[in-house]
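Participant: Structure below; questions to follow.
The values are calculated or read from the model by the stated rules, or taken from the named source; none is laboratory data. All values reported here derive from a predicted model rather than from experimental measurement. Cβ placement follows ideal geometry from the backbone for every residue including glycine, while neighbour counts extend to all protein chains displayed. Just so you know, the surface numbers come from the protein's heavy atoms only, side chains and all, with ligands and any DNA or RNA stripped out. Shrake-Rupley method; radii C 1.70, N 1.55, O 1.52, S 1.80 Å.
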Amino acid sequence: MRQAVFSSLAARVPGARFLDLFAGSGAYGLEALSRGAVGGVFVEKNPRATACLDRNITAVCKSLALDRDGVTVLTMDAAKAPLDLGGVPDLVFIDPPTNSFAKVAPALFLRLTAGPSRQPGSGDRL
């Protein structure tokens, strides 16, 4: 699946900044980095997963000789994360757990389509 996603995004990845919501191990954002993205934000609420994610980012950045300064990890609920931390992202990856997709998708997609200026606390009901 990830290969198909990146095949369709090929021209948009180099130089892009991304937002990887429900990041888990960081597979989508790390793939973007390996294909030329300049950085982005990973959001994952599970502290054990973010510890693994942090190790994965370190390993990928080292293998690609990239500086980690352009990469941020937030340990928080992806449905409530700021959408424009570090600037408006060029790419947004959303891969929630299957059992929570129906619950989080409507409000999250509404926030994304409304634009990055809509932040939690601005009247959104997530």
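Participant: Straight-line reach from K80: which lysines have a Cα under 22 Å away, not including same-chain ones fewer than 8 places off?
Facilitator: Here the lysines satisfying the reach criterion relative to K80 are K45, K103.
Participant: Helix 101-114 against the longest principal axis of the chain: what's the angle in degrees, Cα atoms only, rounded to the nearest 10?
Facilitator: The answer is roughly 90 degrees.
Participant: Same structure, new question: Dipole size in debye (nearest 20) for the stretch 12-88 around its Cα centre, Lys and Arg Cβ +1, Asp and Glu Cβ -1?
Facilitator: So the magnitude is around 120 debye.
Participant: With unit charges on the beta carbons (Lys and Arg positive, Asp and Glu negative) and the dipole taken about the Cα centre of the chain, which residue among L21, A105, V43 sits farthest to the positive side?
Facilitator: A105
Participant: Out of residues 5 or more away from F93 or on other chains, whose amide H comes under 5 Å of its own, with H placed 1.01 Å from N in the peptide plane?
Facilitator: L19, D20, L21
Participant: HN-Hα J couplings of the stretch 9-18 from phi, Karplus 6.51/-1.76/1.60, θ = phi - 60°, integer Hz, Gly and Pro as x?
Facilitator: Taking θ as phi minus 60°, the curve returns 9, 2, 6, 8, 7, x, x, 7, 10, 10 Hz for the stretch 9-18.
Participant: Using a cut-off of 19 Å between alpha-carbon atoms, which aspartates and glutamates can reach K62, once sequence neighbours fewer than 8 places away in the same chain are excluded?
Facilitator: E31, D54
Participant: Could I ask something else about it? Which whole-number value in Å² is the accessible area per residue of the chain, probe 1.4 Å?
Facilitator: With all protein chains present, the chain gives 56 Å² per residue.
Participant: Go through 100-113, 7-20 and give me the packing order, highest mean Cβ count within 10 Å leading.
Facilitator: Going from most to least packed, we get 7-20, 100-113.
Participant: Can you give me the distance in nm between label points at S63 and A114, each placed 7 Å from the Cα along the Cα-to-Cβ direction?
Facilitator: With each label point 7 Å from Cα toward Cβ, the separation is 3.9 nm.
Participant: Can you give me the convex hull volume of the Cα atoms of the stretch 7-66, divided per residue and expressed in Å³? Don't jump to the answer; show the numbers that get you there.
Facilitator: Numbers: hull volume 4.1 nm³, N = 60.
Cα convex hull per residue, to the nearest whole number: 68 Å³.
Participant: Then there is this: Expressed as a whole number of Å, what is the distance separating the alpha-carbon centroids of the stretch 61-88 and the stretch 36-50?
Facilitator: 5 Å
Participant: Further question: Quick one: what are the phi-derived ³J(HN,Hα) couplings along the stretch 30-46, Karplus 6.51/-1.76/1.60 with θ = phi - 60°, whole Hz, x for glycine and proline?
Facilitator: Karplus-based 3J(HN,Hα) across the stretch 30-46 equals 5, 5, 4, 4, 5, 9, x, 4, 8, x, x, 10, 9, 10, 8, 8, 7 Hz.
Participant: May I ask you to evaluate 6.51 cos²θ - 1.76 cosθ + 1.60, the Karplus curve with θ = phi - 60°, for each residue of the stretch 87-96 and list the ³J(HN,Hα) values in order in whole Hz, giving x for glycine and proline?
Facilitator: Residue by residue, the stretch 87-96 yields x, 5, x, 7, 10, 10, 9, 10, 9, x Hz.
Participant: Could you give the C-alpha radius of gyration of the stretch 1-115 expressed as a fraction of 2.2 N^0.38 Å, taking N as the number of residues it contains?
Facilitator: Values: Rg = 13.3 Å, N = 115, 2.2 N^0.38 = 13.4 Å.
For the stretch 1-115, the normalised Cα radius of gyration is 1.00.
Participant: If you place +1 on the Cβ of every Lys and Arg and -1 on the Cβ of every Asp and Glu, how big does the dipole about the Cα centre of the stretch 67-106 come out, in debye to the nearest 20?
Facilitator: 240 debye
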